[in-house]
Amino acid sequence: MDKFVIKGGKRLSGKVEISGAKNAAVAILPAVLLADSPCIIDNVPDISDVNAIFTVLRQLGATVNKLNRTTYEIDPSGVRSYVVTKEMSQSMRASSYFLGALLGRMRRAKVAPPGGCDIGLRPIDQHIKGFEALGARVTIEGGLVDARAEKLGGCSVYLDVVSVGATINIMLAAARARGMTVIENAAREPHVVDLANFLNSMGADIMGAGTSVIKIRGVEHLKGTEYSIIPDQIEAGTYMVAAAATKGDVTICNVTPKHLESIIAKLKETGVTVEEGDDWVRVVMKKRPGKCNIKTMPHPGFPTDMQPQFATLLAISNGTSIVTEGVWDNRFRYADQLTFMGADIQVDGKSAVITGVEKLKAAAVKSNDLRAGAAMIIAGLIAEGVTEIEDIEYIDRGYEQVVEKFTQLGANIKRVPVLDAPTIKIAN
Ligand code: EPU
């Protein structure tokens, strides 16, 4: 097991290249199962959640070949199994997408319930409601969610909560159903649109992705295609906030600025200068950030997956900010860790009151989940002294080459084995 050791106090500067979006990749790669022939997928991020998906695809009988650093050819034609056990899926959240994809392909799927970061209850009732409306019978057998259908037929589903996962899973199962499926109150996240674009490039007939009503006219067959995954808006947002928090000057390349609108708006509110190009944004900050209130909401609202990182910026702001979590029940577990570092955060239910302090101090902290871990890195970068972050396997789920990328921007960050910790020395 490793940890990160960060010597804080460096201004970040230079350029960083953003990888393909985790939350699009973990939907698109299982969606390949719906094709009759091989797909070539580009801009695939090298992160542990994606590697876990490849493991499952191979165990189901697909062939996965790496063509270059970010491009894979996946041939699903040999897939005969519809079972994904807990051991196979390694407790990742996105294992649930194998339910929709296998149900669409084979009319049967037995998949371990999804795991993922502990950020509150993670039910799948809306996914199941969609599968049942399509004609599947869903039971829990031997700890696996078992969905089976003789045939899948178009239907109308209204989602009681705006759910990315349910929207994606219903699209997967409906793409090869007979007739038209309508998802109302659908999620509008960029990765939902990316999956629809991918399925359409395989021959699906999906309209309205990116709005709250998605219409899927089922087709009999989907064919192999070549597709490039969109850039990761949350990875981009994380580097943007890190640049602002260290009073840096960083150009974030390979991004879709439109996907970053809410993050850009909030950064500007704290006094950050943001320039935008076609596929880059530049973040420049010269002073202590100002206060700003945020409330997380489904897209196009401020993303919950940026809440811990942004709260870390507000922890050193000049004033008092209120952060309200509107998506998950339990996304303030990182607040204790920031408090160890000198932050002043009072959490009450779904809100946190953050009174900015001038400086954070280094401490030994842990990464409670993926985005909490990203927040700890930002805190370590701005703190005085040497911060150590444990449980970094969460961070590896979603950030490709995080040490290399921050190092390239001038940060002093190392990955070291936990046992070697007391002897580690960091160069200035
Ligand atoms: N919900 C239900 N029933 C359901 C599904 C969801 O009540 O059947 C509730 C959840 O409890 C939650 C809300 O609806 O309160 C939204 O959940 P959603 O289904 O949208 O979340 P998800 O699909 O499990 C994805 C991302 C998360 C991100 C959320 C919200 C993936 C693999 N994960 O999760 O990403 O926070 O959407 O945008 O796409 C992350 O990347 O760090 C991460 C946690």
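Selection of the range 67-83 for residues being closer than 28 Å to residue 231 by Cβ, buried (at least 16 other Cβ atoms within 10 Å of the Cβ) and among the β-branched types (Val, Ile, Thr) yields 70, 74.
If you check 20, 9, 104 for being open to solvent by 10 Å² or more (accessible area, probe 1.4 Å), touching a helix residue (DSSP H, G or I) at 6+ places or on another chain (Cβ under 9 Å) and in contact (Cβ under 8 Å) with a residue 24 or more places away in the chain, only one passes: 9. Restricted to the range 291-300, and to residues there that are under 11 Å from residue 266 (Cβ atoms) and not β-branched (Val, Ile, Thr), the residue that is nearest to the ligand (Cβ to nearest atom) is 295. What are the pairs, 6+ residues apart or on separate chains, where a residue within the range 272-288 that is under 11 Å from residue 240 (Cα atoms) has its Cβ under 8 Å from a residue that is among the small types (Gly, Ala, Ser) and assigned to a loop (DSSP other than H, G, I, E, B)? Cβ pairs passing all conditions: 283/248; 284/248; 285/248; 285/271. In this structure, residue 324 does not satisfy being away from the ligand (no atom under 16 Å from the Cβ) and free of Cβ contacts under 8 Å to residues at least 40 places away in the same chain. Taken together, 398, 385 contain a single residue that is surrounded by 14 or more Cβ atoms within 10 Å (Cβ to Cβ) and at positive phi, which is 385. Restricting attention to the range 34-66 and to residues that are in contact with a Gly (Cβ under 7 Å, 6 or more places away or on another chain) and under 17 Å from residue 230 (Cβ atoms), the residue that is surrounded by the most Cβ atoms within 10 Å (Cβ to Cβ) turns out to be 39.
Only one of the numbered conditions (1) surrounded by fewer than 21 Cβ atoms within 10 Å (Cβ to Cβ); (2) within 14 Å of residue 9 (Cβ to Cβ) is violated by residue 378, and that is (1).
Test residue 79 against the stated conditions and say whether it is touching a Ser or Thr at 6+ places or on another chain (Cβ under 8 Å) and either in contact (Cβ under 8 Å) with a residue 12 or more places away in the chain or assigned to a strand (DSSP E or B) (or both). No.
Give the range 120-145 a look and list any residue that's more than 22 Å from residue 218 (Cα to Cα) and more than 16 Å from the ligand (Cβ to nearest atom), or say none.
At the first step, the residues of the range 120-145 found to be more than 22 Å from residue 218 (Cα to Cα) are 120-125, 139-145.
Selection gives 139, 141, 142, 143, 144.
So, of the residues in the range 232-268 that are touching a helix residue (DSSP H, G or I) at 6+ places or on another chain (Cβ under 8 Å) and open to solvent by 20 Å² or more (accessible area, probe 1.4 Å), which turns out to be nearest to residue 372 (Cα to Cα)? The residue in question is 233.
The values are calculated or read from the model by the stated rules, or taken from the named source; none is laboratory data. Computed from a predicted structure; not experimentally measured. As a convention, Cβ positions derive from the backbone with ideal geometry for all residues, glycine included, and neighbour counts pool all protein chains shown. Surface areas here come from the heavy atoms of the whole protein model, side chains and all, with no ligands, DNA or RNA. Shrake-Rupley method; radii C 1.70, N 1.55, O 1.52, S 1.80 Å.
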